[in-house]
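These notes concern the structure reproduced below.
The values are calculated or read from the model by the stated rules, or taken from the named source; none is laboratory data. Keep in mind the model is a prediction, meaning the values are calculated, not measured. Neighbour counts are summed over all protein chains in view; Cβ atoms, including those assigned to glycine, are modelled from backbone coordinates with ideal geometry. Ligands, DNA and RNA are excluded from the accessible area calculation, which covers all protein heavy atoms including side chains. Shrake-Rupley method; radii C 1.70, N 1.55, O 1.52, S 1.80 Å.
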Amino acid sequence: VVTTYCPANNEPIASVRQGNLEDYEETVKKAKEAWKVWADIPAPKRGEIVRQIGDALRQKIKVLGSLVSLEMGKIFVEGVGEVQEYVDVCDYAVGLSRMIGGPILPSERPGHALIEQWNPVGLVGVITAFNFPVAVYGWNSAIAMICGNACLWKGAPTTSLVSVAVTKIIAKVLEDNKLPGAICSLVCGGADIGTAMARDERMDLLSFTGSTKVGKQVALMVQERFGRSLLELGGNNAIIVFEDADLNLVIPSALFASVGTAGQRCTTARRLFLHESIHDEVVAKLAKAYAQVRIGDPWDSDTLYGPLHTKEAVKMFLDAVEQAKQQGGSVVCGGKVINRPGNYVEPTIVTGLPHNAPIVHTETFAPILYVLKFKEEEEVFAWNNEVKQGLSSSIFTKDLGRIFRWLGPKGSDCGIVNVNIPTSGAEIGGAFGGEKHTGGGRESGSDSWKLYMRRST
């Protein structure tokens, strides 16, 4: 039995009984049986079921958003926004359910047809992280379902209530349509269940969202059995501000990207590169903006900034600030724990570090922004790309040539490349994911549906 705690006051909310390996075994069998029913249903009809799931989530959007705030700790508007992402990807999947197809190609042999046919992989395992306890499962399950797959979900143990609530909403839709609820199965559990999923030959695709360290272990276990994995791992994302940038755009963008979700997004801005001619001005304006951030209970509508998810995260924050100081950084604002119940820390700006300082190259899942100076475009593009991760990146400039160089082969090496908008946030219409140690996976829009299917020629 695990107790789930509210990050805003560290009070227990509820206890959840986790599954053991016997429960897991039973669940996989039921999901595999349910797949036989689901795979026989025409794709547009599967889309209709996913549409109903989207509608069921719409009806519960505020209460589910509140639960995300209570259990994960993100502010209420972000909790609701996250459920909205699941709703949006359901809408996207409904349209997609009528459009998936492969080409009929000219055969070189007389009287022959050459066809590329797409079929579901079967059972898709989805392991999600605490920071997006609804949306990441939604991106995976909505697309996987219309492709004809069953899903087995393992959420983060610290957000089990959200996992249970979402699964109950989906199960009711399935059962109302006289379909087995096991099409979307849930198993609450720890690392033992995650390891079992990675090693299980019956998992036809394993989608894993989490740290690069754990993702690497998952990738090796899945690869060992020649399985298929989709990895969404760490990000050490940079915003680059050139001397011609519109600072009225830069300040709110940098604030939102670094302080939003208390720095616990994989797309959070952790490095801010400022051209030397505007460095001091931007730092002063940004520090002023940081001072105005409204800190409070995540479920209060006035709050802009809530707690970190766990006590361990607070310790990691303090360690990172200490390392930054030891490596030559100056704390411009923040750097301390806030004296109130819960896991609250001050949003923090650090200046004066070199671009390649070890702490700058470390992804700390906390609201710490390293502000760094640069002179030339070429060097700063290289600095953007020199970290191990390659998730999100952003430049602020009005120079059209520079924008196209940034988008081109010698520009950003990240999966998400922004211009004049922050690093955080993404649209469900485009494929979401990153390169290098971010894992290379893509979820949600574009042609990411192909990852949930196998091709027969």
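The set of residues in segment 424-457 that are modelled with pLDDT of 95 or more and aliphatic (A, V, I, L, M) comprises 431, 451, 453.
Scanning for something more than 24 Å from residue 75 (Cβ to Cβ) and either open to solvent by less than 10 Å² (accessible area, probe 1.4 Å) or at pLDDT below 95 (or both), does segment 334-346 turn up at least one residue? No - not one qualifying residue is present in segment 334-346.
Only residues that are more than 18 Å from residue 137 (Cα to Cα) and touching a Cys at 6+ places or on another chain (Cβ under 8 Å) were counted in segment 44-72, giving 1.
Test residue 29 against the criterion of being over 22 Å from residue 131 (Cβ atoms) and of a type in the set (D, E, K, R), and give yes or no. So residue 29 passes the test. A count restricted to segment 210-230 and to residues that are assigned to a strand (DSSP E or B) and open to solvent by 20 Å² or more (accessible area, probe 1.4 Å) stands at 1. It is to be established whether one or more residues within segment 215-230 are farther than 20 Å from residue 433 by Cβ and of a type in the set (S, T, N, Q). There is no residue in segment 215-230 that is farther than 20 Å from residue 433 by Cβ and of a type in the set (S, T, N, Q). Within segment 395-409, can you find the residues that are open to solvent by less than 30 Å² (accessible area, probe 1.4 Å) and in a loop (DSSP other than H, G, I, E, B)? Of everything in segment 395-409, those that are open to solvent by less than 30 Å² (accessible area, probe 1.4 Å) and in a loop (DSSP other than H, G, I, E, B) turn out to be 397, 408. The residues listed here are 431, 426; of these, the one that is aliphatic (A, V, I, L, M), surrounded by fewer than 21 Cβ atoms within 10 Å (Cβ to Cβ) and under 15 Å from the mean Cα position of the chain (by Cα) is 431.
In segment 382-394, the condition of being in contact (Cβ under 8 Å) with a residue 40 or more places away in the chain, part of a helix (DSSP H, G or I), under 21 Å from the mean Cα position of the chain (by Cα) and farther than 29 Å from residue 102 by Cα is met by at least one residue. When the residues of segment 290-315 are narrowed to those that are without any contact (Cβ under 8 Å) to a residue 60 or more places away in the chain and exposed (fewer than 15 other Cβ atoms within 10 Å of the Cβ), which ends up nearest to the chain's Cα centre (by Cα)? Within segment 290-315, the match that is nearest to the chain's Cα centre (by Cα) is 312. Condition check for residue 243 on (1) in contact with a strand residue (DSSP E or B) (Cβ under 8 Å, 6 or more places away or on another chain); (2) surrounded by 15 or more Cβ atoms within 10 Å (Cβ to Cβ); (3) outside any helix (DSSP H, G or I): one failure, at (2).
When residues of segment 334-378 are filtered for being without any contact (Cβ under 8 Å) to a residue 12 or more places away in the chain and not in a loop (DSSP other than H, G, I, E, B), how many remain? Residues meeting the conditions: 1. Within segment 431-446, the presence of at least one residue that is touching a residue at least 60 places away in the same chain (Cβ under 8 Å), within 22 Å of residue 260 (Cβ to Cβ) and among the hydrophobic types (A, V, I, L, M, F, W, C) is confirmed. Report yes if some residue within segment 99-121 is of a type in the set (Phe, Trp, Tyr) and within 23 Å of the chain's Cα centre (by Cα); otherwise report no. So far as segment 99-121 goes, no, none of its residues is of a type in the set (Phe, Trp, Tyr) and within 23 Å of the chain's Cα centre (by Cα). Assessment of segment 284-293 against the conditions (basic (Lys, Arg), part of a loop (DSSP other than H, G, I, E, B) and in the same structural domain as residue 246 (by the TED database)) yields no matching residue.
Once segment 142-175 is narrowed to residues that are free of Cβ contacts under 8 Å to residues at least 24 places away in the same chain and more than 21 Å from the chain's Cα centre (by Cα), the residue that is most open to solvent (accessible area, probe 1.4 Å) is 168.
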